[in-house]
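Please treat every number below as a calculation from the coordinates, not as lab data. Predicted model only: the values in this text are computed from it and were never measured. Here the Cβ is made from the backbone with ideal geometry for all residues, glycine too, and neighbour counts use every protein chain on show.
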Amino acid sequence: MQTLFESEYQERMLQPVEITSATMNQLSHELLAVEQENTLLRLILASSSDPILITDRHTNIIYVNPSWEKLTGYTFAEVKDKNPRILQSGKTPQKVYNELWEALNNNQSYTTEETIDKRKDGSEYQIHSTFFSVQKDGIVFNYVQIQHDITQRKQLEDMRKGFLNIAAHELKTPITVLKLISQVHIQKAKKGKKTVINLDELEFLDQELDRLTRLIDDILDSSRFETGKMFLQVELINMTKLIHETISEIKKYSRNHAFLVSEMPKELIVNADQNRIRQVLLNLLSNAAKYSSPKTKITVAAKKITKYVVVSVEDEGSGIAKEKQKYIFDKYYQVKEKEAKGFGLGLYISKDIIKRHKGKIWVESEIGKGSIFSFSLPYKETASRS
Ligand code: ADP
């Protein structure tokens, strides 16, 4: 492998210099230092458990470490002077390579999310890679790729997802049965008939079953998104009407808060999947109730702003610290895990739904004062039905 130091050294060697014994002495000292540095670098690279590949400026392989050889099944001799393209499986989107070269050309490092490469025996492996170039005075000497094998982690993740999916599906049937039974008994109790447990307990049971159903639906939804199996049934809907309907719905099982609706235009038409937008609204409303004290107000507002209908849900709850706000739409993220009242999936799913409708979702919040969660959806100008 030719290091940056060696190439620099070669350039200097090409300059005409007067050879005196002092120059000879200095040169041999410098050579020794370069050699020592080179040996040290080689040792570090060779003992790294992360696979490392280095190319020259023409992207021909000039070095791979033993971890790389172990991962790919190729020996250094087999890939020396070859282009790393030999490892491509064809399953990494072209976009990744475009972004990679754009970053490298701008002297920036680039980390790929998950790419699939191919071993010598044709089997595939998944990696995270960090690429960077070794440059001096704007001249590229080498490209370096440090890999991180994530095949095993991905397999475990897939197993976990598969298990969650099966468990969620399996739970749906008994919960539907329990829900039916609780509904029958609630009706009986309301008519004054004798039931094994009293109406309050039945209603509590019913609410908890609803909560469980929402959790299971969230798990199934998040797996639907990831496997691309979520389809929207888009139609013209009146957001104002949908907000009123959803508020009536949430009032049925969330009785500790005052749900209010600000004054809104009679018609706010959007092109959207009604059930999915109701799901987002219910998510924001139930979060507002979950994370604020009983008897406080939860206010929903909607208006047209430029080409969008913007809906907001405001609470007087605990609020979210500024530095945490950027994470709350991430999968499984919960601000206070110990006080968590869900799975950290609701906002992740809501964001995905809104994104699929070409809208945006965001939060404004202050600790101790409360939060305002808002989302926007493109306004449908020509429509006039509700
Ligand atoms: P969860 O099921 O945990 O409620 P979400 O994805 O709906 O999951 O929310 C993620 C996290 O964001 C919550 O765990 C909570 O910490 C925070 N959060 C969401 N909504 C609010 C809110 N209205 N007020 C305060 N914190 C909130």
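List the aspartates and glutamates whose alpha-carbon lies under 17 Å from that of residue 324, not counting same-chain residues fewer than 8 positions away? Partners found: 337, 339, 364, 366.
Once the Cβ-Cβ distance of residue 212 and residue 86 is raised to the sixth power relative to R0 = 41 Å, the FRET efficiency obtained is 0.20. Would you please classify the overall shape of the stretch 202-319 from the alpha carbon gyration tensor, given that a ≥ b ≥ c denote the square roots of the eigenvalues, rounded means a/c under 1.5, and beyond that prolate means a/b larger than b/c while oblate covers the rest? Cα axes put the stretch 202-319 in the oblate bin. Using a cutoff of 8 angstrom between alpha carbon atoms and counting only pairs six or more residues apart, the relative contact order for the chain works out to 10 percent.
Taking a ≥ b ≥ c as the square roots of the Cα gyration tensor eigenvalues, the stretch 32-133 comes out oblate, since a/c reaches at least 1.5 and a/b does not exceed b/c.
Cross-link reach is defined here as a Cα-Cα straight distance under 20 Å, omitting same-chain residues fewer than 8 places apart; for residue 266 the lysines meeting it are 241, 303, 304, 307, 380. Its alpha carbons considered, the stretch 282-354 gives a radius of gyration followed by a Dmax of 13.1, 41 Å.
Placing +1 on the Cβ of every Lys and Arg and -1 on the Cβ of every Asp and Glu, with no other charges, gives the stretch 16-93 a dipole of roughly 520 debye about its Cα centre.
The length gained by stretching the chain between residue 200 and residue 343 to full extension, at 0.36 nm per residue less their Cα-Cα distance, is 48.8 nm.
By its C-alpha gyration tensor, with a ≥ b ≥ c as the square roots of the eigenvalues, how is the chain shaped: rounded for a/c under 1.5, else prolate for a/b larger than b/c, else oblate? Here the chain falls in the prolate category.
Sorting the segments 101-110, 352-361 by their mean number of nearby beta carbons within 10 angstrom, highest to lowest, gives 352-361, 101-110. Here's how it looks for residue 135: its modeled amide H is under 5 Å from those of 141, which are all 5 or more places away or on a different chain. Rank 280, 173, 111 by how far each Cα sits towards the positive end of the charge dipole of the chain (+1 on Lys, Arg Cβ; -1 on Asp, Glu Cβ) and give me just the farthest. My answer, from the dipole projection, is 173. By the rule of a C-alpha distance below 20 Å, with chain neighbours fewer than 8 residues away ignored, the aspartates and glutamates paired with residue 80 are 6, 50, 56, 69, 117, 121.
Quick one: how many lysine pairs in the stretch 148-210 have C-alpha atoms under 23 angstrom apart, if they're 8 or more apart or on different chains? All intermediate terms of the calculation are to be shown ahead of the outcome.
Working: 161/172; 179/188; 179/190; 179/191; 179/193; 179/194.
Final tally of qualifying lysine pairs is 6.
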